[in-house]
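Only one structure is covered here, and it is reproduced in the block below.
The values are calculated or read from the model by the stated rules, or taken from the named source; none is laboratory data. What you see is a predicted model; the values in this text were computed from it and never measured. Reconstructed Cβ throughout: ideal geometry from the backbone, glycine too, with neighbour counts over all protein chains shown.
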Amino acid sequence: MPEVHAILSASSSKRWLNCTPSARLEQNFPNESSVYAEEGTAAHALGEYKLRKYLHERVKRPTSEYEDEEMEANTDIYAEFIISTVERIKETCPHPLVMVEERLDYSYLVPQGFGTGDCVIIADGTLYVMDYKNGKGVFVNCDHNPQMMLYALGAYHAYGYLYSIKKVSMTIIQPRLENISTFECSVEELLDWAETYVRPRAKLAFEGKGEQVPGDWCRFCRARTSCKACADEAMALVKEEFLDLDAGVLEDETEETDATASFDPDTSVPTFKSPALLSKTDIEKMLPTLNRIESWIEAIFAYVSSEAINHGVSWDGYKVVEGRSKRQFLDTKSVVAAAEKAGYTDIYKTELISLTAFEKLMGKKKFQEILGEYVVKPPGKLALVPDSDPREAVDLQTAEDEFAVLD
């Protein structure tokens with residue numbers, strides 16, 4: 001994978017397409033790696049190895065300190081999805097073009113634009129673009145996903161003159177959130193999006209021009225901790241919704257007072273709007289912005305903490321202190337020797353290996369035969385998300401019954 005990054009990268013395209021000055025503003029801040037990024041790089045390398053091995057390429061298995069059973073299982077899901085796709089394609093097209101970790105250049109459209117496609121397949125008039133996502137913090141939807149569409153444009157630009165491509169199929173594989181989502185469009189739709197939407201915005205973004213626009217795309221922006229537009233949005237919401245409560249009016253002509261106002265028994269929310277209380281409608285209006293502001297505030301604290309701890313920057317009213325720590329053994333081998341010498345032998349505990357380890361030990365088919373009847377998948381933890389989230393809404397009564405059974 002290329003170690004250099006495009007100013008207008010495909011992975012950050014949602015951000016610079018919506019907030020065109022952001023790409024240049026980010027250049028004022030170091031592009032520091034994180035444990036999550038390094039873990040993602042390791043997972044991509046392992047997934048790449050599995051695909052190249054399937055394609056009978058000479059390849060050495062990568063090693064990483066981040067590799068564990070979960071990463072092994074997740075990259076298996078990724079590789080198996082692509083392998084099954086290739087095998088299905090081979091039923092009608094014996095020799096599809098399959099490319100792994102392909103550099104995709106879309107600089108004809110976006111200045112200096114390029115990216116890396118995890119897997120690109122061309123067969124039967126269809127261009128397939130597959131992308132592995134290792135994260136579990138943000139559900140990534142493939143529907144009109146600009147990163148995937150830019151990758152598709154790069155692939156089409158490179159191979160469109162060699163193959164008669166009519167359709168584009170883009171898939172995101174995000175195993176840690178059980179997310180495999182696909183979006184398809186015609187080549188005509190893709191090219192129209194490129195010319196009418198991307199090209200003019202990319203020009204603004206490369207020149208650092210346009211309007212700063214806060215949104216959910218700010219989450220990974222390096223400039224957001226110092227972004228005036230983000231600060232203005234947060235302060236405006238606080239001023240309008242929290243401080244200006246005198247603007248509230250009753251929505252109906254009830255004679256109830258603040259002290260006697262009826263409450264919805266299920267939500268404990270007032271059933272009418274009081275000048276001193278936020279109504280359910282008020283809260284609903286704020287929710288979309290509150291999540292973003294919470295994330296922005298967390299980023300601010302992370303930034304000032306890093307500056308203070310790592311660079312000695314002093315912030316008025318704050319100081320650096322040492323947090324709590326837990327005791328730990330300095331040398332476990334010496335601990336074992338000393339304990340056994342003193343007559344203590346019951347110093348180890350054994351645990352059943354994990355489900356994933358069993359599956360790897362036995363193989364998936366044998367695992368299903370021997371242990372399949374003992375495997376259960378409990379419902380996931382409930383979470384409130386925006387309607388734009390592609391996951392299906394939960395029937396709360398049904399969910400309550402399911403959790404009760406597990407208890």
Requested in this report: Can you tell me which residue within the range 140-182, out of those that are of a type in the set (Phe, Trp, Tyr) and over 19 Å from residue 116 (Cβ atoms), is surrounded by the most Cβ atoms within 10 Å (Cβ to Cβ)?
Outcome: 163
Query raised in the report: What tally of residues in the range 341-400 results from selecting those that are touching an Asp or Glu at 6+ places or on another chain (Cβ under 8 Å) and of a type in the set (D, E, K, R)?
Result: 1
Query raised in the report: Can you find a residue in the range 56-67 that is without any contact (Cβ under 8 Å) to a residue 24 or more places away in the chain and of a type in the set (Gly, Ala, Ser)?
Result: yes
Report summary line: Log entry, pairs with first residue in the range 156-185 being at pLDDT 95 or above, second being in a strand (DSSP E or B) and among the basic types (Lys, Arg), beta carbons closer than 8 Å, six or more apart or on different chains, reads 184/167; 185/167
Query - Pairs, first under 12 Å from residue 50 (Cα atoms) in the range 76-88, second of a type outside the set (Asp, Glu) and not in a helix (DSSP H, G or I), C-beta under 6 Å, six or more apart - result: 78/132; 78/173; 81/173; 82/119; 82/130
Query raised in the report: Hey, residue 296 hits all of (1) under 30 Å from residue 144 (Cβ atoms); (2) surrounded by 10 or more Cβ atoms within 10 Å (Cβ to Cβ); (3) without any contact (Cβ under 8 Å) to a residue 40 or more places away in the chain but one; which does it fall short on?
Result: (3)
Requested in this report: Determine, yes or no, whether residue 25 is touching a helix residue (DSSP H, G or I) at 6+ places or on another chain (Cβ under 7 Å) and either of a type outside the set (Gly, Ala, Ser) or closer than 30 Å to residue 223 by Cβ (or both).
Outcome: no
Report summary line: Inside the range 48-101, the number of residues satisfying the requirement of being in contact with a helix residue (DSSP H, G or I) (Cβ under 7 Å, 6 or more places away or on another chain), over 21 Å from residue 354 (Cβ atoms) and not in a loop (DSSP other than H, G, I, E, B) is 7
Report summary line: Expected single match for out of contact with any Lys or Arg (no Cβ under 7 Å at 6 or more places or on another chain), in a strand (DSSP E or B) and at pLDDT below 95 among 115, 137 is 115
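A quick yes/no check of all residues on (1) more than 30 Å from residue 230 (Cα to Cα); (2) in the same structural domain as residue 284 (by TED's automatic domain parsing); (3) in contact with a helix residue (DSSP H, G or I) (Cβ under 8 Å, 6 or more places away or on another chain):
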site: 296; (1), (2), (3): no, yes, yes
site: 305; (1), (2), (3): no, yes, no
site: 331; (1), (2), (3): yes, no, no
site: 369; (1), (2), (3): yes, no, no
site: 381; (1), (2), (3): yes, no, no
site: 386; (1), (2), (3): no, no, yes
site: 390; (1), (2), (3): no, no, no
site: 394; (1), (2), (3): yes, no, no
**Report entry** Count - residues of the range 118-132 that are under 17 Å from the mean Cα position of the chain (by Cα) and free of Cβ contacts under 8 Å to residues at least 60 places away in the same chain
**Finding:** 2
